[in-house]
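As structure tokens, the structure follows; a few thoughts come after it.
Here, each number is a calculation from the coordinates, and none is a lab measurement. This is a predicted model, so every value here is computed, not measured. Neighbour counts run over all protein chains shown; Cβ positions are idealised from the backbone, glycine included.
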Amino acid sequence: MERIEFQLNGQTMKLEVEGDRKLLWVLRSDLNLPGTKYACGKGLCGACTVLIDEEALRSCQVPMREIAGKKVVTIEGLAKGERLHPLQKAFLEQNAFQCGFCTPGMILSAYSLLKRNSYPSEAEVLQAMDGNLCRCGAHPRIVKAIQTAAREMKEKKG
Amino acid sequence: MSSLDRRQFLKAMGGGLFVFFSAETLTEAQYRQSPSRASLPSSDFNAYLQVKEDGRVACFTGKVELGQGIITSLAQMLAEELDLPLDSVDMVMGDTDLCPYDAGTFGSRTTKYFGPQLREAAAQARAILLELAATRLNVPQAFLTISHGIIHDSRNPEKRVAYADLVKGTRIERKAEVKAEPKPPSSFKVSGRPAGRTDGLPKVTGQARFAGDIRLPDMLYARILRPPAHGATLKKVDTSAAEKIQGLKIIRNGNLLAVLHPLPDQAEMGLALIKAQFATLSPAVNENSIFSHLLKVAPEGSVISQEGSLEKGEKSSSRKFDESYFQHYVAHAPMETHTAMAHVEGKKATVWASTQTPFGVKEAVAQALSIPSEGVRVITPFVGGGFGGKTWNQQAVEAALLSHRAGKPVQVSWTREEEFFYDAFMPAAVVKIRSGLDSQGRITFWDYRVYFAGERGAATFYDIPSHRAAVHGSLWGGAGAHPFNTGAWRAPGTNTNTFARESHMDLMASAAKADPLAFRLAHLKNSRMRRVLEEVARSFGWRDFPRKPGRGKGIACVDYLGTYVAVAAEVEVDPQKGDVQVRRLVCAQDMGQVINPEGARMQIEGCLMMGLGYALSEEVHFRGGEIQDKNFDTYRIPRFSWMPKIETVLIENQDLPPQGGGEPAITSMGAVLANAVYDATRARLFELPMTPERIQKAMARAPHKKA
């Protein structure tokens with residue numbers, strides 16, 4: 001057991017856990033935050049994506065010991081209270097999901113993309129999101145939602 | 001179901017107005033044509049709606065939301081008939097205690113068969129409410145109008161009464177009778193207009209609960225020991241190393257050996273420590289030998305459609321064609337794997353399952369536990385994709401058995417590897433077509449045989465004087481056909497049949513030196529089919545498509561259970577690698593009345609994106625019962641980088657009842673891309689998926705093969 005301290009959705013967490021346990025399972029079971037999804041367990045699909053210091057990473061591949069001292073944001077922590085993040089709003093407005101299972105990972109991967117590139121072209125979105133799988137085929141709407149959110153975020157910053 | 005059963009539902013429901021209705025007579029058993037599943041409860045209703053005492057309206061149905069959007073489109077129908085805003089309607093879906101028996105959610109059936117009945121039941125509720133209001137307000141019904149759930153005197157809007165006030169403190173029960181006329185489409189205000197999904201907010205905030213997200217006090221996560229191949233048997237097992245993990249429990253129940261732990265990853269670790277030896281069968285077939293195997297074991301065919309005389313047709317032919325088309329196994333691969341949580345207490349069980357058939361789960365769990373099915377409640381949370389694959393509920397039975405033995409709630413959530421292993425794949429199949437052309441370039445005969453894909457989509461809709469379609473074996477396989485389960489995969493049978501028919505049409509068009517669109521139109525009288533073809537050609541720019549090296553265009557069309565679809569594609573083929581990049585897809589669809597145009601477009605886009613997979617890359621690799629694809633590294637599903645420009649055209653046809661739209665558009669994808677690849681390379685592909693290797697091989701053959 002190790003004592004691991006990190007920020008989770010803006011709050012300080014102190015956990016006694018095995019350092020090699022993967023973040024995905026600690027989030028889903030120990031911390032009861034099931035918005036982060038299991039779908040492949042091998043870092044091949046992006047459903048378990050979370051933000052670690054603003055970077056989108058596959059939580060099924062991240063050992064707990066690596067997040068010590070870092071800031072973790074899951075889909076549950078993206079909205080500010082009732083106020084949705086522009087990406088969440090855009091996904092809603094564009095109906096950028098069907099079954100919704102890959103959606104948390106999509107939104108957080110897109111968040112990280114927009115951090116690196118505040119106004120990506122369609123080709124850049126396609127490339128950046130290529131590791132996130134969606135079986136329902138919501139891709140065209142996800143791309144539109146990401147570009148819509150980018151526009152809104154840019155306008156806000158002015 | 002008797003009125004006694006009806007009362008059982010009502011006990012828990014409070015007051016208000018209830019209308020019970022029946023939407024389907026086809027059971028899942030009939031659908032599967034499997035005699036062992038024939039003993040399903042019969043019912044005189046399988047859904048009901050309630051106008052609640054607070055004025056809200058709820059629909060209780062065993063149908064489930066898999067991502068296809070019926071949680072929104074059914075609510076729209078209800079809101080329309082009852083003149084309510086969409087957000088005053090609640091959909092209660094897939095809870096076997098609250099909802100009457102329903103066979104399941106599959107086959108694009110919900111909007112087509114359930115929708116009209118729901119609408120009639122709602123129209124009846126509306127009529128009853130008007131009756132009540134007439135008495136209450138002492139105003140003749142003819143003067144009453146409704147808006148936003150309030151009925152008022154059109155001459156004096158002050159005279160008004162809300163639904164809530166009409167039903168408060170009452171309990172009115174009616175069985176739907178075909179008496180009340182639903183509104184004509186021309187008067188629709190909610191239905192037929194684009195609506196955002198009502199399940200959106202929970203899905204973008206991570207609050208949507210799927211079966212694997214259910215948490216109960218004291219619950220255990222189970223991981224189950226699996227054989228390396230179908231048909232393998234456990235010879236020896238050593239669990240001693242696993243047993244050393246603190247808190248770990250091992251349960252053996254017949255062939256089921258499971259490791260349970262309060263933490264899912266600890267259960268996983270425990271399973272990895274189990275040493276097991278299996279005896280496997282020597283593999284009889286693999287993906288290379290499967291087609292000759294299937295042709296060898298195929299049963300006699302049954303003719304499903306026939307006209308004219310093939311013999312006569314053959315005699316009048318100046319050219320004859322004889323080709324075979326091949327389809328490999330394809331996985332459903334929903335993002336959410338089969339998952340269930342079961343809590344068994346004595347003769348009672350509650351099961352949360354990711355399923356397309358909640359009542360199938362109920363029966364299966366009752367049977368496995370040998371308890372009366374009345375004791376089993378199945379709750380269906382959001383389902384993370386189904387596509388036909390979640391009509392099998394093995395995971396729910398496993399969870400129930402383990403919960404029973406553990407005396408605690410147990411979650412079984414399949415790993416991706418288990419999901420591939422136990423999937424009931426789209427069957428590998430063969431289609432053989434013999435046909436002919438006369439000297440005028442008209443089709444003389446069409447002799448069609450399909451082996452193991454299933455009959456849906458096998459009959460031709462082209463005008464051909466002599467034709468016959470024969471079906472050998474069903475899509476469920478049967479003894480000796482497949483080394484593992486096969487089953488319904490989005491638009492069962494029709495993907496394979498459409499690939500064969502529409503490829504063969506193109507091949508003959510090319511032989512007749514005719515344009516593929518003109519050739520089809522020359523053999524089509526059906527005005528709906530002609531219209532989707534013309535629309536798609538216009539939107540795509542078929543007739544003035546600019547020719548560029550490496551690029552090609554293709555077209556294909558289909559009649560899927562009354563929905564007409566035409567798709568045109570532009571592809572680019574890498575001449576060295578054989579890679580296909582689909583640049584553009586245009587789809588025109590006539591699905592009759594469109595309830596939610598936005599939802600319909602989403603389904604079409606989803607169909608086209610998903611269809612890229614079985615057309616270009618998706619194929620299950622296996623050696624006998626051993627499934628070699630275990631994850632998304634070797635089994636490639638469509639990705640963002642594959643995304644073409646997609647345009648959808650919805651044909652106005654509001655006077656035809658809705659025909660369903662969850663599946664039709666996927667069925668053309670194999671053919672439309674094969675035809676476009678041919679146009680680009682002159683290489684004809686007869687086998688799906690069209691992997692780069694197969695395209696390279698076909699291109700190498702192409703110069704020698706006269707098209």
- Residues of region B:108-142 with amide N under 20 Å of the 7 Å Cα→Cβ point at B:Thr170: B:120-142
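How much of the DSSP bridge set in the protein assembly as shown is antiparallel, in percent, rounded to the nearest 5? Mind showing how you got there, number by number?
Details: 105 of 141 bridges.
Antiparallel bridges make up about 75 percent of those DSSP assigns within the protein assembly as shown.
Take the Cα atoms of region B:529-671, build their convex hull, and give its volume per residue in Å³. Could you put the intermediate results ahead of the total?
Numbers: hull volume 18.6 nm³, N = 143.
Enclosed volume per residue, from the Cα hull, is 130 Å³.
Net charge near B:Val259: determine it from the other residues with C-beta under 15 Å of the C-beta of B:Val259, scoring Lys and Arg +1 and Asp and Glu -1. Write out the running numbers ahead of the final one.
Working: positive: B:Arg223, B:Arg226, B:Lys244, B:Lys249, B:Arg252, B:Lys275, B:Arg405, B:Lys408; negative: B:Asp238, B:Glu243, B:Asp265, B:Glu268, B:Glu398, B:Glu418.
With Lys, Arg at +1 and Asp, Glu at -1, the net is +2.
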- Taking Cα centroids, how far is region B:464-500 from region B:388-416 in Å? 30
- In whole Å, largest first, what are the principal axis extents of the Cα atoms in region B:558-630? 46, 35, 21
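When B:Val361, B:Val167 are ordered from fewest to most other Cβ atoms inside 10 Å of their Cβ, what list results? Each step should come with its number before you reach the end.
Numbers: B:Val361 31, B:Val167 24.
Listed from fewest to most nearby Cβ atoms, that is B:Val167, B:Val361.
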- Estimated 222 nm signal from helices in chain B, with DSSP H stretches of n ≥ 4 weighted -39500 (n - 2.57), rounded to 500: -8500 deg cm²/dmol
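What is the Å³ per residue value for the convex hull set by the Cα atoms of the protein assembly as shown?
In the protein assembly as shown, the Cα convex hull volume per residue is 183 Å³.
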- So which of A:Lys22/B:Lys244; B:Lys236/B:Lys630; B:Lys236/B:Lys408; A:Lys89/B:Lys175 end up more than 32 Å apart by C-alpha? A:Lys89/B:Lys175
- Message: Between B:Ala700 and B:Arg538, what is 0.36 nm times their sequence separation minus the Cα-Cα distance? Round to one decimal in nm.
- Response: 54.9 nm
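Over all directions, average the projected area of the Cα convex hull of region B:640-681 and note it in nm². Kindly include the intermediate steps, with their values, before the conclusion.
On the way: hull surface 18.3 nm².
It is 4.6 nm².
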- Message: For a Förster distance of 25 Å, can you work out the FRET efficiency between the beta-carbons of B:Lys296 and B:Gln394, rounded to the nearest 0.05?
- Response: 0.25
- Task: Mind checking region B:287-349 for trypsin sites (Lys or Arg not before Pro) that DSSP puts in a loop (not H, G, I, E or B) and that have at most 11 other Cβ atoms within 10 Å?
- Result: none
- Note on the structure: Note to self: C-alpha centroids of region A:20-49 and region B:264-285 sit apart, in Å, by 23
- Once the Cβ-Cβ distance between B:Ser309 and B:Arg531 is put in as r, and R0 is 25 Å, what FRET efficiency do you end up with, to the nearest 0.05? 0.20
- Query: What value, in deg cm²/dmol to 500, does the helix sum -39500 (n - 2.57) over DSSP H runs of n ≥ 4 give at 222 nm once divided by the residues of chain A?
  - Reply: -9500 deg cm²/dmol
- Note on the structure: tail above 18 Å in the computed P(r) of region B:347-463, as % of all Cα-Cα pairs, reads 63
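How big is the Rg/Rh ratio for region A:112-158, C-alpha atoms only, Rh by Kirkwood, two decimals?
Details: Rg = 11.0 Å, Rh = 11.1 Å.
Using Cα coordinates only, the ratio equals 0.99.
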- Environment charge at B:Arg623 (Cβ cut-off 15 Å; Lys +1, Arg +1, Asp -1, Glu -1): -3
- Please work out the C-alpha center-to-center distance from region B:651-692 to region B:519-580 and express it in whole Å. 8
- Task: Beyond 41 Å, what share of the Cα-Cα pairs of chain B is found? Please give it as a whole percent.
- Result: 35
- Could you tell me how many degrees, from 0 to 90 and to the nearest 10, lie between the Cα long axis of helix A:139-157 and the main elongation axis, the longest principal axis, of the Cα atoms of chain A? 90
- Query: What net charge do the residues around A:Arg3 carry, taking every other residue with its C-beta under 13 Å from that of A:Arg3, with Lys and Arg at +1 and Asp and Glu at -1?
  - Reply: -2
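Which whole-number percent of Cα pairs in region B:327-397 have a distance greater than 20 Å? Write down the numbers at each step before the final one.
On the way: 705 of 2485 pairs.
The proportion of pairs with Cα distances above 20 Å equals 28 percent.
Starting from the alpha-carbon convex hull of region B:283-385, give the projected area averaged over all orientations, in nm². Walk me through the numbers before you get to the answer.
On the way: hull surface 51.1 nm².
So the mean shadow area of the Cα hull is 12.8 nm².
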- Query: Tell me, which longest segment in chain B has none of the GluC sites (Glu not before Pro) that fall in DSSP loops with at most 13 further Cβ atoms within 10 Å?
  - Reply: B:301-651
- Spin-label pair A:Arg151/B:Ala276, simplified geometry with 7 Å Cα→Cβ offset, distance in nm: 5.4
- Message: Return the Rg/Rh ratio of region B:3-196 with Cα-based radii and a Kirkwood Rh.
- Response: 0.99
- Query: Rounded to the nearest whole Å³, what is the per residue volume of the convex hull around the Cα atoms of chain A?
  - Reply: 107
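For region B:218-301, how big is Rg over Rh, using alpha carbon atoms and the Kirkwood form of Rh?
Details: Rg = 18.2 Å, Rh = 15.1 Å.
Ratio of gyration radius to Kirkwood radius for region B:218-301: 1.20.
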